[in-house]
Amino acid sequence: MTRPDFASSRDCGMDCPDFVGRWRAWYEDQVPPFGLLECGPIDGKTYMERIDSKARNMRRKADRLYTYARFLRDHRLGALERVNRSKPIRQGKPMTSAYLEALHPERPQFLCLRHRDLWIAAWRGTEMVAYVQLVVLGRYGIVNKSLGHAEAPAVMNGMYAYLAESMYADVIHYLSVSGSNPGLAAFKESVGFRDVTP
C-alpha cells in the first residue's frame, strides 16, 4: 500500500520540515480504517468500472458541465467564500464557523515537488463551483478541504473522477468511509473510496 512520504532531502523547500511535521502528526493520529481512493495513470473506463451506475451517470453529467484545474488559493478568496457560503446546512448540520468567516491571504509556502499543498477547482465557465485542497506527500494525497457549490449538480462526482484519473497521487485519503455520516459515507463509496486498514 502507498504510504505518505515524510522523508526530507536536499531538494526540500525551506517550509517542508514544518509542513511534513504537521501532516505526519495528523497521519499518526488517524485510527484505521482509512478511506482511500485508488488513483494514478488510469483511463476513464477503468475508473468508471469501479463506481456504481448512479455515480457513472453523475460523472457523465459533470463532464458536460464543468472543467477542472489547479488554482492559487490567494488569487480566488472571493470564489472560495461563495462556495463556502452557498448552503448554510450540509449533511444535516450547520456549516462550521471556519467555512463562514472571511478568508485572508496566507504566507506562501516554499515546498518541494514531493511535498505539496494543491488547490483544485471545478469551473462552470469562469465561475468556481467546487474545490478540493489536496495535501500531497510523495504519491499519497490527503483531502484537507472538499466542498461544492449548492447549485452545482454532480460537481463533486466529477471532481473525484478528475482526481482519480490525475497524476497528483496514487492514492487519496479522505478520513474513513465508515466513520462518516450516512450521506457522506454513501457519497464516498459511490465515487470509489473504500475503507482500508494498513
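The values are calculated or read from the model by the stated rules, or taken from the named source; none is laboratory data. In this text, all values refer to a predicted model and were calculated from it rather than measured experimentally. Note that each Cβ is placed from the backbone with ideal geometry, even for glycine, and that neighbours are counted across all protein chains shown.
Key figures
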{"quantity": "Any hit, region 137-156, residues being assigned to a helix (DSSP H, G or I), more than 28 Å from S8 (Cα to Cα), at pLDDT 95 or above and touching a strand residue (DSSP E or B) at 6+ places or on another chain (Cβ under 7 Å)", "calculated": "yes"}
{"quantity": "Subset of region 61-75 (residues that are more than 17 Å from the chain's Cα centre (by Cα), without any contact (Cβ under 8 Å) to a residue 60 or more places away in the chain and either closer than 18 Å to Y160 by Cα or surrounded by 14 or more Cβ atoms within 10 Å (Cβ to Cβ) (or both))", "calculated": "R64, D74"}
{"quantity": "Every pair of residues 6+ apart whose Cβ atoms lie under 9 Å, when the first sits in region 113-125 and is free of Cβ contacts under 8 Å to residues at least 40 places away in the same chain and over 11 Å from I142 (Cβ atoms) while the second is surrounded by fewer than 18 Cβ atoms within 10 Å (Cβ to Cβ) and of a type in the set (D, E)", "calculated": "none"}
{"quantity": "Selection from region 1-12 of residues that are farther than 30 Å from R194 by Cα and either surrounded by 15 or more Cβ atoms within 10 Å (Cβ to Cβ) or not small (G, A, S) (or both)", "calculated": "R10, D11, C12"}
{"quantity": "Filtered residues of region 156-175 (kept if of a type in the set (S, T, Y) and either over 21 Å from W119 (Cα atoms) or touching a helix residue (DSSP H, G or I) at 6+ places or on another chain (Cβ under 7 Å) (or both))", "calculated": "Y174"}
{"quantity": "Hits in region 134-155 (condition: surrounded by fewer than 21 Cβ atoms within 10 Å (Cβ to Cβ) and free of Cβ contacts under 8 Å to residues at least 60 places away in the same chain)", "calculated": "V143, N144, K145, S146"}
{"quantity": "Those residues of region 133-150 which are within 14 Å of A79 (Cβ to Cβ) and either out of contact with any helix residue (DSSP H, G or I) (no Cβ under 6 Å at 6 or more places or on another chain) or of a type in the set (F, W, Y) (or both), in sequence order", "calculated": "Q133, K145"}
{"quantity": "Search result, residues across region 62-106 that are out of contact with any Gly (no Cβ under 8 Å at 6 or more places or on another chain), closer than 14 Å to A154 by Cβ and part of a helix (DSSP H, G or I)", "calculated": "R64"}
